[in-house]
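The values are calculated or read from the model by the stated rules, or taken from the named source; none is laboratory data. Treat the numbers as computed from the prediction; the structure is a model and nothing was measured. As a convention, Cβ positions derive from the backbone with ideal geometry for all residues, glycine included, and neighbour counts pool all protein chains shown.
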Amino acid sequence: MGKIAFVFPGQGSQKVGMGQAVFDAFEAGRATFEEADAALGESLSSLCFEGPEDALKLTANTQPAILTTSIALFRALDAPFDVAAGHSLGEYSAHVAAGTLSFADAVRTVRARGQFMQEAVPVGQGAMAAVLKLDRKVVEDACASVDGIVEPVNYNSPGQVVIAGEAEAVKRASETLAAQKGRVMPLPVSAPFHSRLMKPAEDRLKPKLAEAKFDNPARPVYVNVDAEPVTEAAAAEDALVRQVSRPVRWEESVAAMARDGVSLFVEIGPGKVLTGLIGRISKEVQRVSVQSPEDFDAAREAIQQARAT
């Protein structure tokens with residue numbers, strides 16, 4: 001019997017209107033958005049459904065908005081799974097799904113996480129860029145060869161690594177990588193996420209996470225920072241602290257899940273970014289994306305088939 005992984009997207013998948021369909025069609029969806037509004041003391045649901053887009057794109061809003069949309073879909077889908085994982089912010093969604101964190105604690109924590117990450121580096125001083133078509137070692141060597149702070153921060157899939165750091169150092173590393181036939185795309189973000197420049201945010205987040213109640217996950221959660229599963233509350237909390245200023249090891253996480261018997265990955269939340277990445281990491285596994293209730297039947301059928309094989 002093949003194992004099923006539920007995986008949850010991170011920042012960048014947001015769009016105005018996300019979650020509206022599950023809110024309208026399912027009581028579980030409506031209740032999730034209402035719970036988020038109550039936890040934050042403001043109408044996050046209105047921001048998700050109506051925008052404006054500029055406000056939704058602010059990190060402190062984007063993080064709770066994607067978490068809430070993902071969990072609304074997860075609860076409405078109401079289907080079995082064996083392990084969970086999430087990309088960066090999505091790791092919080094994975095822990096809510098696994099029962100490690102309450103949804104209310106998670107939504108309040110990621111609001112603070114977004115604020116801390118945004119405030120860690122003044123706007124304009126940090127940058128990020130996606131590097132395509134080059135081996136990870138080439139990217140690592142290029143970052144090490146330039147002055148200033150720049151480092152790989154997302155190992156997303158073979159041939160896709162994101163770098164981040166000081167704006168000028170990212171620019172120099174990008175020029176070096178472009179000269180080596182890499183395709184380099186600056187990312188429209190306002191902070192160098194997951195680089196060592198995020199250490200002030202990590203230090204501020206640690207006591208905030210300590211305020212939340214952690215339980216042992218009911219199912220293993222594969223964490224970004226180690227690319228291995230955690231099954232205990234303390235390890236889950238520690239991984240969420242460390243991931244702020246360390247790379248997202250998504251390629252290795254997916255490979256580890258496949259190694260451990262996962263045959264079906266179900267991406268739950270806005271966008272299909274992870275579904276695409278997983279397809280480039282492993283040709284052997286099945287993938288399905290759940291972005292709205294329209295996707296529920298196909299996902300349930302795929303889950304049933306995976307259970308039977």
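Things worth noting here:
- The test for being hydrophobic (A, V, I, L, M, F, W, C), buried (at least 22 other Cβ atoms within 10 Å of the Cβ) and in contact with a helix residue (DSSP H, G or I) (Cβ under 7 Å, 6 or more places away or on another chain) holds for Met18.
- Filter result for the condition that a residue is out of contact with any Asp or Glu (no Cβ under 8 Å at 6 or more places or on another chain), under 29 Å from Pro192 (Cβ atoms), modelled with pLDDT of 95 or more and hydrophobic (A, V, I, L, M, F, W, C), over Ala31, Ala65, Ala79, Ala72: Ala65
- The single residue among Val22, Val16 that is assigned to a helix (DSSP H, G or I) and closer than 29 Å to Leu187 by Cβ turns out to be Val22.
- Flag if Val123 is under 30 Å from Thr69 (Cβ atoms), surrounded by fewer than 17 Cβ atoms within 10 Å (Cβ to Cβ) and among the β-branched types (Val, Ile, Thr): yes
- Restricting the first member to segment 268-294 and to residues that are closer than 17 Å to Ala25 by Cα, and the second to residues that are aromatic (Phe, Trp, Tyr) and assigned to a strand (DSSP E or B), the beta-carbon pairs closer than 6 Å and six or more apart or on different chains are Ile268/Phe6; Ile268/Phe8; Gly269/Phe8.
- Some residue of segment 19-31 being assigned by TED's automatic domain parsing to the domain that holds Met257, in contact (Cβ under 8 Å) with a residue 24 or more places away in the chain and touching a Cys at 6+ places or on another chain (Cβ under 7 Å): yes
- Residues that are among the small types (Gly, Ala, Ser) and touching a Lys or Arg at 6+ places or on another chain (Cβ under 8 Å) within segment 213-258 comprise Ala227, Ser245, listed in sequence order.
- Selected residue (only one of Leu264, Leu274, Leu197, Leu205 is surrounded by 19 or more Cβ atoms within 10 Å (Cβ to Cβ) and touching a His at 6+ places or on another chain (Cβ under 9 Å)): Leu274
- Residue match in segment 171-180 (condition: touching a residue at least 24 places away in the same chain (Cβ under 8 Å) and of a type in the set (Asp, Glu)): no
- Any hit, segment 139-154, residues being under 27 Å from Ala256 (Cα atoms), within 16 Å of the chain's Cα centre (by Cα) and not in a loop (DSSP other than H, G, I, E, B): yes
- Qualifying positions in segment 73-94 - touching a Pro at 6+ places or on another chain (Cβ under 7 Å) and outside any loop (DSSP other than H, G, I, E, B): Ala76, Val83, Gly90
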